[in-house]
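The values are calculated or read from the model by the stated rules, or taken from the named source; none is laboratory data. Bear in mind the structure is a predicted one, so any value in this text is a computation, not a measurement. A quick note on method: Cβ atoms are made from the backbone with ideal geometry, for glycine too, and the neighbour counts reach across all protein chains shown. Protein only, heavy atoms only, side chains kept; ligands, DNA and RNA dropped before computing areas. Shrake-Rupley method; radii C 1.70, N 1.55, O 1.52, S 1.80 Å.
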Amino acid sequence: MKPWLWLPPQLAHDLSPLALQLYSLINRGPTPAWNSFAWNKIVFENRLGLAGGVDKNGDLLNVWSHIGCGFVEIGTVTPDYQKPNPGKIMDRSTADEALWNKMGFPSLGASEVFYNVKNFKQQSSLPVFVNIGKNRVTENDKAHLDYVALLQRFYSVADAFVVNISSPNTFGLRELAQPANLNKFLKPLLKARTELNEEQAEKPILLKLSPDLESDDIKRIIDTSLENKLDGFVLTNTTLSRDGLKKPFPPEGGVSGKPLQAASKKALQIVSAHLNSEKSKKLIISVGGVMTADDVFERIEMGADLVEIYTALIFKGPNFFREVAGQFNGK
Ligand SMILES: Cc1cc2nc3c(=O)[nH]c(=O)nc-3n(C[C@H](O)[C@H](O)[C@H](O)COP(=O)(O)O)c2cc1C
């Protein structure tokens, strides 16, 4: 029984922090170990984690650590506080097993979120990836400054970073991944990391890609990322495509869940093949339309090092992490 699916999506979303706190109090337990591995000195007890956007401010890190996640990606965090986009910003379609959103990076801002991560990391070894994005008022030619500021702010507490230039809900954001812009955008980030590394241990930086890119664009982005010594990729963000949907979501905004599955898998195939001999050194996180335990295992077989979910948490519930662990150990 999933009573939250009877509620309007926005109300269910607003009640979810409280419900998750209660759920995790009752169902708390140690992180299940399955297919554990270590990469770049980060230890993952298992391969299934929480996708960006669920816990934008790192308010619920304790919840995730109690319900079986192998790691958590918080954010997208922006440098300064910002409100969500106006109007209706989310919807769901049970018939399509899909969510629609145009949230636009609502964030408490870096200072607040920093303390949530810092406090959590003082008492937990669960890996925390910080997903970073620009404020909507920041012009694209200055966007790198927002990302550098976020890198500097979180460097002492994050296990790794995810650079989000693939959300469809911040005007012009995806242009930063265009061939003409990407190198210019990435260079200052990697320079900032080199400077931070002089005093602190190196933190991996991953790039999150859009599922709406052509294969050649994906390959170009990978090449530019490798030249800039990025450490991996998160594949993928939500899609602008409405192909095959039963529910007529608005044309703007991103769709996630089952309808995204094919595009997310295709991106994983293209990136794995294109990385070739570099693949073993890089981290690939697959996300998008992972709705069952078998989907999780399939992504790992296809070459993903880690897998994340957002929409499955809504349609399958918070027990999904332990269900996957149980099925892996029963295999
Ligand atoms: C309501 C909602 C909000 C999201 N917010 C973010 C975000 O802030 N940053 C981000 O990188 N991805 C965000 N995403 C995208 C997810 O991280 C993920 O890439 C996408 O939903 C595909 O995974 P899924 O099919 O398991 O949901 C959001 C997705 C949803 C549904």
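Do we find that residue 34 is part of a loop (DSSP other than H, G, I, E, B), closer than 23 Å to residue 294 by Cα and either of a type in the set (A, V, I, L, M, F, W, C) or out of contact with any His (no Cβ under 8 Å at 6 or more places or on another chain) (or both) in this structure? Yes: the conditions hold for residue 34. A residue that is crowded, with 24+ Cβ neighbours inside 10 Å, modelled with pLDDT of 95 or more and farther than 21 Å from residue 55 by Cα cannot be found anywhere in the stretch 239-250. Considering only residues that are part of a helix (DSSP H, G or I), of a type outside the set (Lys, Arg), open to solvent by less than 40 Å² (accessible area, probe 1.4 Å) and more than 21 Å from residue 304 (Cβ to Cβ), which ones fall in the stretch 189-229? Selection gives 189, 190, 192, 196, 224.
Restricting 297, 321 to those that are at pLDDT 95 or above, over 18 Å from the mean Cα position of the chain (by Cα) and among the aromatic types (Phe, Trp, Tyr) reduces the list to 297.
Return the residue satisfying two criteria in turn: it lies in the stretch 93-124 and is small (Gly, Ala, Ser) and over 19 Å from the mean Cα position of the chain (by Cα), and of such residues it is surrounded by the most Cβ atoms within 10 Å (Cβ to Cβ). Here the residue is 93. Residue 107: without any contact (Cβ under 8 Å) to a residue 60 or more places away in the chain, hydroxyl-bearing (Ser, Thr, Tyr) and under 25 Å from residue 316 (Cβ atoms), yes or no? Considered against the rule, which asks whether it is without any contact (Cβ under 8 Å) to a residue 60 or more places away in the chain, hydroxyl-bearing (Ser, Thr, Tyr) and under 25 Å from residue 316 (Cβ atoms), residue 107 comes out as no. Taking the stated definitions as given, is residue 132 within 19 Å of the chain's Cα centre (by Cα), within 11 Å of the ligand (Cβ to nearest atom), among the aliphatic types (A, V, I, L, M) and crowded, with 23+ Cβ neighbours inside 10 Å? The answer is yes for residue 132. In summary, no strands (runs of 3 or more DSSP E) completely within the stretch 38-86 bear 3 or more residues that are hydroxyl-bearing (Ser, Thr, Tyr). Figure legend. Inter-residue proximity from the stretch 239-263: first residues more than 18 Å from residue 104 (Cα to Cα), second residues open to solvent by 40 Å² or more (accessible area, probe 1.4 Å) and of a type in the set (A, V, I, L, M, F, W, C), beta-carbon distance below 7 Å, spacing 6+ or different chains. Indicated pairs: 246/95; 247/95. Before we move on, is residue 233 among the aromatic types (Phe, Trp, Tyr) and open to solvent by less than 10 Å² (accessible area, probe 1.4 Å)? Criteria met by residue 233. Could you list, in sequence order, all residues of the stretch 166-195 that are farther than 26 Å from residue 253 by Cβ and β-branched (Val, Ile, Thr)? Residue satisfying the conditions is 194 alone. Selection over the stretch 136-166 of residues that are open to solvent by less than 10 Å² (accessible area, probe 1.4 Å) and of a type in the set (S, T, N, Q) gives a count of 2. Taken over the stretch 112-156, the criterion of being more than 17 Å from residue 182 (Cα to Cα), assigned to a helix (DSSP H, G or I), touching a residue at least 40 places away in the same chain (Cβ under 8 Å) and of a type in the set (Phe, Trp, Tyr) is satisfied by 114, 120, 154.
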